[in-house]
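The values are calculated or read from the model by the stated rules, or taken from the named source; none is laboratory data. The model shown is predicted, which means the values in this text are computed figures rather than measured ones. Quick reminder, even Gly has a Cβ in these numbers, built from the backbone with ideal geometry, and neighbours come from all protein chains shown.
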Amino acid sequence: MTVSEYNTCVKNYSDSVYRFIYKNIRDEDRAKDIVQDTFEKMWLKIDSIISEKAKSYLYTAAYNTMIDAIRKDKHKATYQDHYDDYLVTNNGYNDLKKVINLALNKLNNIQKSVIMLRDYEGYSYEEIGKITGLNESQVKVYIYRARLNLKEFIGSLENVV
């Protein structure tokens, strides 16, 4: 891959990679850091990456970087985490986007990632498998289970009204 191809890759894919990461972790600054780390990894391997496979490499690297960050952050507890249960209010939601985001946040990390890659980014099962390191049948199972969980959560009348 040449420097101009790398720059084209940054221009073409940085927004979609950011959206993918942000939808999964819901933290703008952390998502920007992960995207920057991903492009840094790509820059360090610029000589070994084929330009036709750059998009796949980016999403794979972004996914792996995000998983590493989630694992690292899992061990950190904040003051807010311990008191969230006391701050809950029962406001009704009438905004479908908020309900969908709440439902997505109820999914585990792998389910959320495969749903985002499939339904938001439009990747095939095979491509999702390459990005996440799963085989195609595992991807289908995770997507099926995620959709069931989403349907169960969104299907509850009190979550939508």
* Cβ pairs under 7 Å, 6+ apart, first in the stretch 120-140 and in a helix (DSSP H, G or I), second small (G, A, S) and crowded, with 16+ Cβ neighbours inside 10 Å -> T132/S113; E136/G129; V139/G129
* Pair list, Cβ < 7 Å and 6+ apart or interchain, from the stretch 26-48 residues that are part of a loop (DSSP other than H, G, I, E, B) to residues that are at pLDDT below 90 and surrounded by 17 or more Cβ atoms within 10 Å (Cβ to Cβ) -> I46/M1; I46/Y6
* **Test: E121 is at pLDDT 75 or above and loosely packed, with under 12 Cβ neighbours inside 10 Å** => no
* Structure fact -> The correct count of residues that are of a type in the set (S, T, N, Q), assigned to a helix (DSSP H, G or I) and farther than 27 Å from D73 by Cβ in the stretch 1-19 is 4
* **Y22 in a helix (DSSP H, G or I), in contact (Cβ under 8 Å) with a residue 40 or more places away in the chain and surrounded by 14 or more Cβ atoms within 10 Å (Cβ to Cβ)** => no
* Applying the selection to the stretch 25-63, what residues are closer than 22 Å to G129 by Cα, surrounded by fewer than 17 Cβ atoms within 10 Å (Cβ to Cβ) and polar (S, T, N, Q)? -> S48, S51, S56
* **Matching option when the condition is at pLDDT below 90 and not assigned by TED's automatic domain parsing to the domain that holds N12, among D85, D47** => D85
